[in-house]
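Novice: Please see the structure below; I have some questions.
The values are calculated or read from the model by the stated rules, or taken from the named source; none is laboratory data. None of the values given here were measured: they were computed from a predicted structure. Counting neighbours? That spans all protein chains shown, and the Cβs are built from the backbone with ideal geometry, glycine included. Just so you know, the surface numbers come from the protein's heavy atoms only, side chains and all, with ligands and any DNA or RNA stripped out. Shrake-Rupley method; radii C 1.70, N 1.55, O 1.52, S 1.80 Å.
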Amino acid sequence: MEFFKKANYILYFFIAAYLILYQLSTFFIPFTFGIFFSMLIVPVSNFLETYKFSTLLSSLTATFIFFVSLGCLSYIFIFQFSQLAEQLPEIRDEIQSAIERIQLFIAAETGLSFERQQDMAERRTDTLWELVEPRITAFLSGIMDFSIGFLLTFVYVFLLLLNRHKFIDFIISMYSTGRKEENVRDALNKISRVVHQYLWGRIQVMTTLAVMYYITFLIFGLPFALLVTLFGALITVIPYIGPLVSGVVPITVAVIYFGDPYYILMFSLIIMVIQLIESYVLEPLIIGKEMKINALAVIVAIILGGIIWGIAGMILFVPILATIKIIANHSEGFKPVGYLLGK
């Protein structure tokens, strides 16, 4: 009987959490980004304060530097994407030409008639284009909403940095002095360190991957090299799914625009090598094992994050899960949860 009561409490908790997070996503998404971004740049604010900057000025300066950096990156990405949107008719022609080249290759190797392949491909191409084109248009129309959330996030970043000492004192004051206070301080320090190392390490990995991608794309003459580089680097912020998409996109562009199959094969092999370097060399070396979350928990977090908050949830739920694990490890009643989430 006791087991069923606990199971009911857990079920009610998850239902309530889902409803709150889903219904209030407009508030929680920029606020959560604000929390993690403030943890990322708090060392900059602390550094400025060592040079006699006031808390207000150091918080404002750190937020402004971060805002300009992300603003420039967003402008470049949106500008490149708008150029891509303007060339959609030409891209469709290139896709059709690529399909015809593949059909000729299949006809030569398998004997399947070109006419039959063409009839099948035209129907699938039209269907695919009908699915893709509205989504591209919707993405462009959603830039305004993104910009509003983007600006709101930086308001949160500034206010969180400005009041960071007050928030820490508030959390600690909720516990009695002695071992509990030390435990809370240790948990807060670990959360800040893990989130900062994860985000900063992720930025370093994405930057290194972008450099390798861009050099490779320029050497092979890949169209839209800068846009594909930015997208390929940024999408890797989503664990497991991101790196796969990051590799598929440039190879797809190469299939569309490159005519020589051996040229495409060579390009694809190099992309695969870069992916292996990113996954098995850069990530363990730069990010390390600070997250210490098992793969099943990460996959579940990505899926639930995508269901509740979309792409933002797929990005945010992994560091949120790491935060929950640290809190559980520092709470007597929830240590089994920390054990379950850990590696």
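Novice: Scan the range 278-291 for residues that are within 23 Å of Y214 (Cβ to Cβ) and open to solvent by less than 60 Å² (accessible area, probe 1.4 Å) and report the count.
Specialist: 6
Novice: Scan S69, S38, S58, S74 and give me the residue that is more than 18 Å from the chain's Cα centre (by Cα) and part of a helix (DSSP H, G or I).
Specialist: The conditions single out S58.
Novice: A follow-up question, please. Restricting to the range 33-48, name every residue that is surrounded by 14 or more Cβ atoms within 10 Å (Cβ to Cβ), closer than 18 Å to I168 by Cβ and not aromatic (F, W, Y).
Specialist: The answer is G34, I35, S38, M39, L40, I41, V42, V44, S45, N46.
Novice: Which members of the range 210-244 meet the condition of being open to solvent by 50 Å² or more (accessible area, probe 1.4 Å), within 16 Å of the chain's Cα centre (by Cα) and of a type in the set (A, V, I, L, M)?
Specialist: L234, I241, L244
Novice: Under 9 Å by Cβ, and 6 or more places apart or on different chains, what pairs join a residue from the range 331-343 that is in contact (Cβ under 8 Å) with a residue 12 or more places away in the chain with one that is outside any helix (DSSP H, G or I) and open to solvent by 100 Å² or more (accessible area, probe 1.4 Å)?
Specialist: L341/K292; G342/K292; K343/K289; K343/K292
Novice: Follow-up question, since we're still on this one. Go through the range 259-312 residue by residue and tally those that are in contact with a Gly (Cβ under 8 Å, 6 or more places away or on another chain) and without any contact (Cβ under 8 Å) to a residue 12 or more places away in the chain.
Specialist: Number of matching residues: 2.
Novice: Also: Tell me which residues, restricted to the range 286-343, are within 15 Å of I191 (Cα to Cα) and among the charged types (D, E, K, R).
Specialist: K289, E290, K292, K325 - these are the residues of the range 286-343 that are within 15 Å of I191 (Cα to Cα) and among the charged types (D, E, K, R).
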